[in-house]
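Data first, discussion second: the structure below is written as structure tokens.
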Amino acid sequence: MVAIEDIRARAKELLESGKVRSVLGYRRGTASVLAEPAFVTAPEDTAALVLDATCVENLALYLVNEKKRQKTQRSQDTRPLAVVAKGCDGRAITVLLQENYIKRDEVVILGVSCENGGMIDTHKLSRALRGKAATGAAFDGNGGIKVAFTAGETTVPAAEVLAARCLECTKAYPLVSDYFFGDKIDERSYSPRFTAVSAIAEKSPEERSAFWAGHFERCIRCYACRAVCPMCYCDECVVDSTSFIVNPTTSADEKACRIRWIQRSASPSENAMYHMVRAIHLAGRCTDCGECERVCPVNIPLRLLNTMLEREALEMFEYAPGLDPEQPSLISSFRDGDPNDFIR
Amino acid sequence: MNKVPEAVETRNDKNEVQDFEPKVVAFLCKWCSSAGSDLAGVSRLQYPPNAVPIQVMCSGSVSPMYIMSAFNKGADGVLVSGCHPGDCHYLKGNFYARRRIYLVQKLLKFIGLEPERFRMSWVSAAEGVKYAEVVTDFVKDLKALGPQRKLKAKV
Amino acid sequence: MEMILKKDRLGEWAAKLRGSAEVFAPVFADDSWNFCKVEPGAELTFDHGNTVRPAKGFVFPQREVLYRFRQESGEAPQLTPTLPADGPAVVFGVRPCDGRAMVRNDKVFTCGFADPYYQARRDRVVFVGLACNAPPSPNCFCLSVGGSPHAGDGLDVLMTELDGRYHVKALTAKGKEIAGIAEALFDKAGAADSSEVEKVHAAARSHPQRSIAAMEKVAEGLKRNFDSPQWDTLAQACIGCGACTYLCPSCHCFDINDEVSSHSPLAGERVRTWDNCQFPEFTMHTSGHNPRNTTGARLRQRICHKLLYFVENHNIQQCTGCGRCISHCPVGIDIVRVANVMEEAAGQ
């Protein structure tokens, strides 16, 4: 059992001893049923830390954001950040370590096990409540999730409301951590890995084309998926093309003809380009935290794109991201046995 | 949402109906495949002129963006061609290409693009004949598939 | 013009309207409620709380072509205007907060300079509002910003759900027209109906909502605390996704880009798209300097625009209290909480 008091105590100790400059965890929010990210600097505020089925955010994102923030701020507090990390979050941190975006001594990982069964999926919750807003959600200890909403409360079978990635999870705890809370649970008995993406892959090409065309048509290019992804840390994204160097001698023709890979406006072809570019840049790096799908305001099933490539990486190249900070990245490594039959 | 009506037949700039001629964008590595295509030319081999060659230093330098952008701008088919494994001028570039292009191919297929529109080949500087064959077969297959509409920007 | 429509006749009204307009209503699809075209024969019910995407999309679309251009070499460029030519649309189920936001958008797009693209769409769309008998969302706060669960501003018709029937009040000429199309379906509203509406509206107003204590003090607090480090703390979790802005019924910033499809001859479109002050590059200069390069600065901008600058410029709150930015923020940033923090800081 993950005892939240243990996490709070450890966080308090780390802050009191001055070992870390801040603890990133979860606390109850005012905005929705979900917990919100907490940036705790005062030891007494650790009492507000929580850990339950609503702690869906991937806090690895804030390691990236804090690092970027440090560049613009004057104070150079170089102490590490402590971060509460579930399995998928911990793998994301490992990828950041592997890519040298952060150094091992810049982070103190408070690994937690998702013993109860995982995190709720807000879209599935919305589906179960037919669009009504939930105000609370918790495991009832009996294979169900008790959901409270403004007009009352109801209990839903856990599998109906838990995130698909949690149902398919094969390692519900981080492999790399400084402190660990809970028991190491490997597999859950819900469904095999890649169930969701297999369903789409098995459709006919025409069905798949229509499926994705329908979704990309709705995309409003808010870039929430990119903003929430810890792996999308490029200072300038290829979609934005803002730092084209313009000086007094740049001709109008040059300015007009600069490379613009993807148009700004949200039309289906440009949206498809954006999502494909993002997916391929995440190949071998995405650890399926599911945040991209959660934050999408128009409910595009983005996870499918990333897990499809994750499945290929595993089946074809025996590569799984985020297991070991020393492993090479998928695309900057190769084996002699890599598939060759598709090449003439 | 503005919906552009699908063209039933292809028309040229003068709005005349014509046989569909697929546009192929071919990324050819400088040291092998581009030289191979030159050899095909110098040998006066006859093959369809539909492929626009773009010379890259190495097949390993072909970014997935080039491929997707080619489809976005209207290419009916995209070819990436490099040195044979073991013969890369930069020793390992084509091994990286092999892995990366495999993933791009899977992604394009997953989105619903016909997989036959995107190909990769190993063509050495001495294989002018092979290059001509690769392009000939590609153009033939693309003619059967028709114009690429799934990823093309609709303006 | 006040009428009564029996609930089971709502579908017939929509069917009559479909003869001359596209009919939209909240539909539950892909796990959320949004305005979608109502197919013939589809049931029309109003159990939607509020839609995720606001009604502003009908007058201010995400992507809009302003004109097309084409230039043969050596000749003058040809510009082809592309004013919207969509037919009339009727949108059911619009909440008063979205209607009031429309009034704010009208101020921006039609006062001073009348934006022809906005105006063309605004003229063609009819908003049929639905009063909120209970707050549609746990994050509603319309009362705090001068609104109400049964306000009619910006709407053409206001419907109120009563027992077994709707009270229907036409508020504008467009509203009268669409009610007139189906005159036979309506009954005249009597004194008993009117008093039930009064009761329902009064009950709706007294329903608890989230609240911001004193808006003038909030404005004062915002002015005084421009440089406060509080903003960085409040925005620490912000990921710059822009959901708050895109889903806000009164946010209206836009970008304009030329999308060139061919270079010879030069041809393309000038396209207007939504822009977002929460995007990091929103205020990026060509020199590379970015005056708002922190999430704190960008959050401050949005809150001040809504609760201070718009008030100073137009004398009304720009925020209409729909609560979407709160409900859909992935990390729980909460305008009500921020406003209350600023209100407390007003005295300092």
Original post:
Tally Lys/Arg at +1 and Asp/Glu at -1 over every other residue whose Cβ is under 12 Å from the Cβ of C:Phe46; what's the total?
Top reply: -1
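About the Cα centre of chain C, how large is the charge dipole given +1 on each Lys and Arg Cβ and -1 on each Asp and Glu Cβ? Please answer in debye to the nearest 20. Don't jump to the answer; show the numbers that get you there.
Working: 38 positive and 41 negative charges, 82 e Å.
Charge dipole, chain C, about its Cα centre: 400 debye, nearest 20.
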**OP:** Round to a whole angstrom and tell me the spacing of the C-alpha centers of segment A:150-173 and segment A:248-326.
**Re:** 27 Å
Original post:
Once the dipole of chain C is set up with Lys and Arg at +1 and Asp and Glu at -1 on Cβ about the Cα centre, which of C:Trp231, C:Val108, C:Leu79 lies farthest towards its positive end?
Top reply: C:Trp231
Subject >> Gyration tensor over alpha-carbon atoms, segment A:271-316, equivalent ellipsoid semi-axes in Å >> reply: 18, 12, 8
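Would you calculate a helix-derived [θ] at 222 nm for chain B, using -39,500 (n - 2.57) for each DSSP H run of n ≥ 4 and dividing by the full residue count, to the nearest 500?
Numbers: 4 runs with 56 residues, N = 155.
Using -39500 (n - 2.57) per qualifying helix, the result is -11500 deg cm²/dmol.
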**OP:** For chain C, take the alpha-carbon Rg, divide it by the Kirkwood Rh, and send me Rg/Rh.
**Re:** 1.01
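I want to verify the translational diffusion coefficient of segment C:172-215 in µm²/s; compute it with Stokes-Einstein, Rh as the Kirkwood radius over Cα pairs, at 37 °C and 0.692 mPa s. Can you show the working numbers first?
Working: Rh = 13.7 Å.
Reported coefficient: 240 µm²/s.
Decide, for segment A:64-180, between rounded, prolate and oblate: order the square roots of the alpha carbon gyration tensor eigenvalues as a ≥ b ≥ c, take rounded if a/c falls under 1.5, and otherwise choose prolate if a/b is larger than b/c, else oblate.
Verdict is prolate for segment A:64-180.
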Original post:
Got the relative contact order for segment A:122-161 handy, in percent, Cα pairs under 8 Å and 6 or more residues apart?
Top reply: 35 percent
Subject >> Relative compactness, the protein assembly as shown, computed as alpha-carbon Rg over 2.2 N^0.38 Å >> reply: 1.01
Original post:
So what is the relative contact order of segment B:22-86, in percent, for Cα pairs below 8 Å that sit 6 or more residues apart?
Top reply: 55 percent
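Which shape class, rounded, prolate or oblate, goes with segment A:122-161 when its Cα gyration tensor gives a ≥ b ≥ c as root eigenvalues, a/c under 1.5 marks rounded, and past that a/b bigger than b/c marks prolate?
On the way: a/c = 2.26, a/b = 1.33, b/c = 1.70.
Here segment A:122-161 falls in the oblate category.
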Subject >> Cysteines in chain C lacking a second Cys C-beta under 4.7 Å >> reply: C:Cys36, C:Cys111, C:Cys132, C:Cys140, C:Cys142, C:Cys238, C:Cys241, C:Cys253, C:Cys277, C:Cys304, C:Cys319, C:Cys329
Subject >> Hits among aspartates and glutamates - C-alpha to C-alpha of A:Lys124 under 13 Å, sequence gap 8 or more where chains match >> reply: A:Glu160, A:Glu293, C:Asp30, C:Asp31
**OP:** Could you state, as a whole-number percent, how many of the C-alpha pairs of segment C:139-239 are farther apart than 19 Å?
**Re:** 63 percent
Subject >> Nitroxide proxy distance, nm - points 7 Å out along Cα→Cβ at C:Ser20 and B:Ser43 >> reply: 7.4 nm
Original post:
Of B:Cys29, B:Gln55, B:Leu103, which is farthest on the positive side of the dipole of chain B, counting Cα position, with +1 on Lys and Arg Cβ, -1 on Asp and Glu Cβ, and the Cα centre as origin?
Top reply: B:Leu103
Original post:
So how far, in whole Å, is the C-alpha centre of segment C:164-218 from the one of segment A:39-78?
Top reply: 46 Å
Original post:
For A:Ser333 and C:Ser206, what does the FRET efficiency come to when R0 = 51 Å and r is the distance between their Cβ atoms, rounded to the nearest 0.05?
Top reply: 0.20
Subject >> Selected from A:Val161, A:Tyr190, A:Cys237, residue furthest toward positive end of dipole (chain A; charges at beta carbon) >> reply: A:Cys237
**OP:** Divide by every residue of chain C the summed helix terms, -39500 (n - 2.57) for each DSSP H run of at least 4, and state the resulting mean residue ellipticity at 222 nm, rounded to the nearest 500 deg cm²/dmol.
**Re:** -8500 deg cm²/dmol
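Hey, what's the Kirkwood Rh for chain A if you take every pair of different alpha carbons, in angstrom?
Values: mean 1/r = 0.0459 Å⁻¹.
Taking every pair of different Cα atoms in chain A, averaging 1/r and inverting gives 21.8 Å.
First obtain the Kirkwood hydrodynamic radius of segment B:28-145 from its Cα pairs, then insert it into the Stokes-Einstein equation at 25 °C and 0.890 mPa s, and state the resulting D in µm² per second as a whole number. Mind showing how you got there, number by number?
Working: Rh = 14.3 Å.
It comes out at roughly 171 µm²/s.
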Original post:
Which of A:Lys19/A:Lys103; B:Lys109/C:Lys37; C:Lys37/C:Lys107 have a Cα-Cα distance over 21 Å?
Top reply: B:Lys109/C:Lys37; C:Lys37/C:Lys107
Original post:
For C:His263 and C:Asp8, what does the FRET efficiency come to when R0 = 56 Å and r is the distance between their Cβ atoms, rounded to the nearest 0.05?
Top reply: 0.40
Subject >> Label point distance in nm, C:Glu75-A:Gln70, each placed 7 Å from Cα along Cα→Cβ >> reply: 6.0 nm
**OP:** Calculate the dipole size of the protein assembly as shown relative to its Cα centre from +1 charges on Lys and Arg beta carbons and -1 charges on Asp and Glu beta carbons; express the result in debye to the nearest 20.
**Re:** 940 debye
Original post:
Is there a pair in B:Lys92/B:Lys150; A:Lys132/C:Lys217; A:Lys203/B:Lys130; C:Lys16/C:Lys188 whose C-alpha atoms are over 23 Å apart, and which pairs would that be?
Top reply: B:Lys92/B:Lys150; A:Lys132/C:Lys217; A:Lys203/B:Lys130
Subject >> Cα centre as origin, Lys/Arg/Asp/Glu Cβ charges: segment A:122-161 dipole, Debye >> reply: 180 debye
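Please find the FRET efficiency linking A:Asp341 to C:Glu39, where r is the Cβ-Cβ separation and R0 is fixed at 45 Å, and quote it to the nearest 0.05.
Working: r = 47 Å, r/R0 = 1.04.
Efficiency, rounded to the nearest 0.05: 0.45.
Every number in this text was worked out from the coordinates using simple rules, so none of it is lab data. Because the structure is a prediction, the values reported are computed rather than measured. Glycine gets a Cβ as well: all are built from the backbone with ideal geometry, and neighbour counts include every protein chain shown.
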